[in-house]
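Okay, structure first, notes after.
The values are calculated or read from the model by the stated rules, or taken from the named source; none is laboratory data. Not measured: the values here are computed from a predicted model. Note: ideal-geometry Cβ built from the backbone for every residue, glycine included; neighbour counts use all protein chains shown.
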Amino acid sequence: MQKAGLFLREVFMSSCTVNDPSQAQPADAKPKKKNIRRAAPDRSQAARLAVQLLFVLLNVFLCARFYLFVRYFESGVVGAHVSRPAGVDGWLPIAGLMNVRYFFATGRVPAIHPAAMVLLLIFGVMSLLLKRAFCSWLCPVGTLSEYLWKLGRRLLGRNLMLPRWADIGLRSIKYLLLAFFVFIVGGMSAEAIGDFMAQPYGILADVKMLRFFTHMSSTAAIVIGVLALLSLPIKNFWCRYACPYGALMSLLSAASPVTIRRDAESCIDCGKCSKACPQQLPVDRLVQVRSVECTACLECVASCATQDALQFALPPRAGQSADKRWRGRRFQPAAVVAVMAVLFFGGVAAARATHHWQTNVSDDVYRELIPHVDESTHPGF
């Protein structure tokens with residue numbers, strides 16, 4: 001009798017477990033996928049950090065040389081003479097846009113600030129090929145913005161996510177600023193652009209940019225301070241909402257054949273990629289990231305530990321297995337760095353070889369103009 005009682009009790013308990021709604025498996029539930037761990041460690045963030053630091057150091061070097069160049073003429077040609085580094089033209093995006101307009105209108109490379117045009121075209125081609133990799137790998141302002149929000153997360157414990165309606169509204173600002181500059185520059189004739197650049201204000205655009213920082217007004221300091229403070233709780237505040245240069249790279253990146261791609265069969269739907277994305281994109285619900293807000297930082301790829309689930313790649317091949325689908329299609333960190341290096345150093349070398357890199361202004365002109373830079377005003381004022 002005791003054995004029979006135990007038997008009936010087991011049957012009763014097992015029937016209760018099967019019929020318990022909280023324990024039952026839904027009829028349409030997807031079977032849990034097997035997590036195949038990534039075979040090799042991800043090195044994208046180490047590579048990106050190295051590139052960021054090298055580009056920051058390059059810009060610090062260029063700015064230091066340019067400061068010495070300007071000080072030589074400000075002091076009445078006293079001290080050591082340092083040649084003007086043409087790379088500082090990269091800090092003149094409006095001059096670059098004007099020179100691109102001039103080049104396509106005339107077929108001639110402008111004599112004043114040609115490097116601004118060369119660098120704008122290099123970074124534009126980079127965005128066509130590698131999404132907005134310029135913003136997250138090379139841009140010094142983008143690097144500063146990134147480490148500000150990471151510092152903010154450390155100090156505050158988390159970052160602030162704006163409501164969708166506010167986020168979309170603020171994102172439109174950078175496109176409106178870009179549209180404004182394109183409208184103004186597009187309305188200028190090639191002759192007007194040439195005349196503008198040949199005037200003291202155009203020649204000294206780089207010197208005025210330097211003086212903006214070395215002789216900063218209280219208003220400018222307050223604005224920069226507010227932007228820096230907002231960048232602590234809000235990820236990439238300047239880049240995401242206010243940078244017209246980033247807006248241009250965003251539009252060009254829409255044509256990039258290389259993008260973040262998710263393999264639905266390999267993905268285990270853990271959602272880590274979406275949590276890691278600084279741009280708050282729903283990577284875990286997409287087959288490919290088409291958004292122009294993607295900066296190709298590869299943080300989502302770095303967060304994914306599943307083999308073949310997420311990659312920065314060309315469209316997959318037709319194949320039975322994930323390995324066959326993505327073989328030869330992925331862009332590993334070394335490939336991303338190689339493409340950027342070829343475009344950047346190759347473009348600069350070509351410009352140097354064809355004498356379209358240095359501004360064609362003599363030291364005698366700089367000796368006359370730089371001491372009176374504050375007297376050079378915008379022709380429109």
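With surrounded by fewer than 13 Cβ atoms within 10 Å (Cβ to Cβ) and in contact (Cβ under 8 Å) with a residue 12 or more places away in the chain as the only criterion, which of ALA334, ALA353 stands out?
Result: ALA334 is the single residue among ALA334, ALA353 that is surrounded by fewer than 13 Cβ atoms within 10 Å (Cβ to Cβ) and in contact (Cβ under 8 Å) with a residue 12 or more places away in the chain.
Show me the helices (runs of 4 or more DSSP H) entirely contained within region 170-268 in which 1 or more residues are within 26 Å of the chain's Cα centre (by Cα) and not polar (S, T, N, Q).
Once the helices (runs of 4 or more DSSP H) in region 170-268 are filtered for at least 1 residues that are within 26 Å of the chain's Cα centre (by Cα) and not polar (S, T, N, Q), what remains is 205-214, 218-231, 237-241, 244-253.
Just for region 128-169: of the residues that are basic (Lys, Arg) and part of a helix (DSSP H, G or I), which one is modelled with the lowest pLDDT?
The residue in question is ARG164.
Out of the helices (runs of 4 or more DSSP H) lying entirely within region 305-381, which hold 3 or more residues that are under 32 Å from the mean Cα position of the chain (by Cα)?
Output list reads 322-326, 333-353.
Of all residues in region 147-204 being under 30 Å from ASP364 (Cβ atoms) and of a type in the set (Ser, Thr, Tyr), which is surrounded by the fewest Cβ atoms within 10 Å (Cβ to Cβ)?
In this case the residue turns out to be SER189.
With the condition kept exactly as written, say whether any residue in region 92-101 is surrounded by fewer than 23 Cβ atoms within 10 Å (Cβ to Cβ), modelled with pLDDT of 95 or more, β-branched (Val, Ile, Thr) and under 15 Å from the mean Cα position of the chain (by Cα).
For region 92-101, residues surrounded by fewer than 23 Cβ atoms within 10 Å (Cβ to Cβ), modelled with pLDDT of 95 or more, β-branched (Val, Ile, Thr) and under 15 Å from the mean Cα position of the chain (by Cα): absent.
Which residues, taken from region 255-291, are surrounded by 20 or more Cβ atoms within 10 Å (Cβ to Cβ) and aliphatic (A, V, I, L, M)?
Those that are surrounded by 20 or more Cβ atoms within 10 Å (Cβ to Cβ) and aliphatic (A, V, I, L, M): VAL258, ILE260, VAL283, VAL289.
Kindly list, by first and then second residue, each pair from a residue in region 157-186 that is touching a residue at least 60 places away in the same chain (Cβ under 8 Å) to a residue that is in a helix (DSSP H, G or I) and β-branched (Val, Ile, Thr), limited to pairs with Cβ atoms under 8 Å and residues at least 6 apart or on different chains.
The qualifying pairs are PHE181/ILE94; VAL185/ILE94; VAL185/ILE193.
Looking at region 50-68, is at least one residue at pLDDT 50 or above and outside any helix (DSSP H, G or I)?
Scanning region 50-68, I find no residue that is at pLDDT 50 or above and outside any helix (DSSP H, G or I), so the answer is no.
For VAL78, only one of the following conditions fails: (1) at pLDDT below 95; (2) assigned to a helix (DSSP H, G or I). What is its number?
Looking at each condition in turn, VAL78 falls short on (2).
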